[in-house]
Amino acid sequence: MVGGEPANSTVGIKVHHHPRRGGDNVVHPVGQSPPPLSKGSTPLPVVASHNQQQNVSSAGEFRPFRRWLPWLVPLFVGANVVLFVTTMYVNNCPSNSLKPESCIAKFLGRFSFQPMKENPLLGPSSSTLEKMGALDVDKVVDGHQAWRLLSCMWLHAGVFHILANMLSLVFIGIRLEQEFGFIRIGLVYVISGFGGSLLSALFIQSNISVGASGALFGLLGGMLSELITNWTIYANKLAALLTLVLIIIINLAVGILPHVDNFAHIGGFFSGFLLGFVFLIRPQFGWVNQKACPPGYIAPPAKSKHKTYQYVLWVVSVILLIVGFAVGLVTLLRGTNLNDHCSWCHYMSCVPTSLWSCKSSRVDCNLSQFGNELNITCISTGKSHVLSLSADGALSQSQQELCVQLCS
């Protein structure tokens, strides 16, 4: 989720439309044959039917499928931005930080960012993200807060994080919404985000996780399965397939860096891949040609709306999605950590090298209370800080968050 966002690339795919040839996708009036044109004569204008007129672009190019006006993807972008601003308002670094002078961009007031050592992405603290709905496995399992599997995909860890994700969403999502409409793309986006959160919660249980990357990888997976299931109607299919696979491999490879939730990427991708076979299926070109045929004309017959392999992929994908989500949810709610059953799976999210370590840095502090004052001492650095407690003895932040700030 955090980091490892899909590259801002789109794959251009055009529908293969045969030029007019004898016997190929040509419509003629019933009982008539088209009269031959004499030399130098001008062909009569052809009047398109209502269905054909709807599928003609402004440039005069015939489009066999409807083009939608995208509005849901821009709405998703706006919702993510509003939630990030709200998160920064709640964070209020100058008031909630042990060292207010270390806040970044202090001229922003309560919207200023946490210190770079604490959050290098220019964003809020982890305790604020947790308060706003970040994915925390302990709260999902023990606190029965399964809604965090969905809420975490609308939150972001910082400016760089949300900027990369929203640019990717604009470049990928708007094109898909134009082709398939807001309902199908909205379902692919949200369900893929849920699938990414579910797989992340099964493997990463010691840290919180936020970000829309799982949903974005779901859109990439949907693009790949859409190309496969609608293979026969595309012209530049091989070039599009190779380009799309390369983009997916590069972005998944970025996920092996530390502090990147690649399990969310993988879960979102495979969820979107299966959802593409369900929601992004296209009818045969011959069937579309029949429906767009003007009254009084006939087109080459099409046996069915979809091909047999499309129906098979649809059924198999629905079964795998239902079984996968059901088994995953039951396993998660039982508190199972899949790392205990897979010794090598953690390498899919982070591969240690000489340049970085995949071990999460642990900080420990000693706390001692004297009256209404709390003394916090970082064990690793020896730094200490004294806090004044409120009348009820409550702290404005968690002890772990205060410890992280002191040790950073």
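The values are calculated or read from the model by the stated rules, or taken from the named source; none is laboratory data. Since the model is a prediction, treat every value here as computed from it, not as a measurement. Cβ coordinates were reconstructed from backbone atoms using ideal geometry, including for glycine residues, and neighbour counts include every protein chain displayed. Areas reflect the complete protein model, heavy atoms only, side chains present, ligands, DNA and RNA absent. Shrake-Rupley method; radii C 1.70, N 1.55, O 1.52, S 1.80 Å.
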Residues satisfying the stated conditions in the stretch 174-189, i.e. farther than 16 Å from V77 by Cα, open to solvent by less than 50 Å² (accessible area, probe 1.4 Å) and touching a helix residue (DSSP H, G or I) at 6+ places or on another chain (Cβ under 7 Å): none
So which residues in the stretch 137-151 are open to solvent by 30 Å² or more (accessible area, probe 1.4 Å) and either touching a Pro at 6+ places or on another chain (Cβ under 7 Å) or modelled with pLDDT of 95 or more (or both), if there are any at all? W147, L150
Is the stretch 382-395 home to any residue that is under 21 Å from G255 (Cβ atoms), at pLDDT 65 or above and open to solvent by 40 Å² or more (accessible area, probe 1.4 Å)? no
Residues being touching a residue at least 40 places away in the same chain (Cβ under 8 Å) and open to solvent by 50 Å² or more (accessible area, probe 1.4 Å) - total across the stretch 161-173: 3
Give me the pairs, please: first residue somewhere in the stretch 262-289 and under 15 Å from S225 (Cα atoms) and open to solvent by less than 30 Å² (accessible area, probe 1.4 Å), second residue anywhere and basic (K, R) and at pLDDT 95 or above, beta-carbon distance under 7 Å, and either six or more positions apart or on two chains. L280/R184
Answer residue from the stretch 330-365, given it is charged (D, E, K, R) and within 27 Å of the chain's Cα centre (by Cα) and is modelled with the lowest pLDDT among those: K359
Scan of the stretch 238-261 for residues that are free of Cβ contacts under 8 Å to residues at least 60 places away in the same chain and more than 29 Å from I208 (Cα to Cα), ordered by number: L238, A239, L241, L242, V245, L246
When you scan the stretch 178-194, do you find a residue that is at pLDDT below 95 and polar (S, T, N, Q), even just one? yes
Looking only at the stretch 218-236, filter to residues that are not hydroxyl-bearing (S, T, Y) and not in a helix (DSSP H, G or I); which one of those is nearest to P283 (Cα to Cα)? N230
So which of A215, A239, A201, A157 ends up being hydrophobic (A, V, I, L, M, F, W, C), assigned to a loop (DSSP other than H, G, I, E, B) and either modelled with pLDDT under 95 or crowded, with 18+ Cβ neighbours inside 10 Å (or both)? A157
Mind listing just one residue for me: the one in the stretch 242-257 that is open to solvent by less than 40 Å² (accessible area, probe 1.4 Å) and in a helix (DSSP H, G or I) and, of those, nearest to I204 (Cα to Cα)? N251
Out of curiosity, is I247 under 28 Å from C342 (Cβ atoms) and of a type in the set (V, I, T)? yes
If the Cβ limit is 7 Å and pairs must be 6+ apart or interchain, which residue in the stretch 217-237 that is among the charged types (D, E, K, R) pairs with which residue that is part of a helix (DSSP H, G or I)? E226/G276; K237/L227; K237/W231
It is to be established whether one or more residues within the stretch 101-113 are surrounded by 20 or more Cβ atoms within 10 Å (Cβ to Cβ) and in contact with a Leu (Cβ under 8 Å, 6 or more places away or on another chain). yes
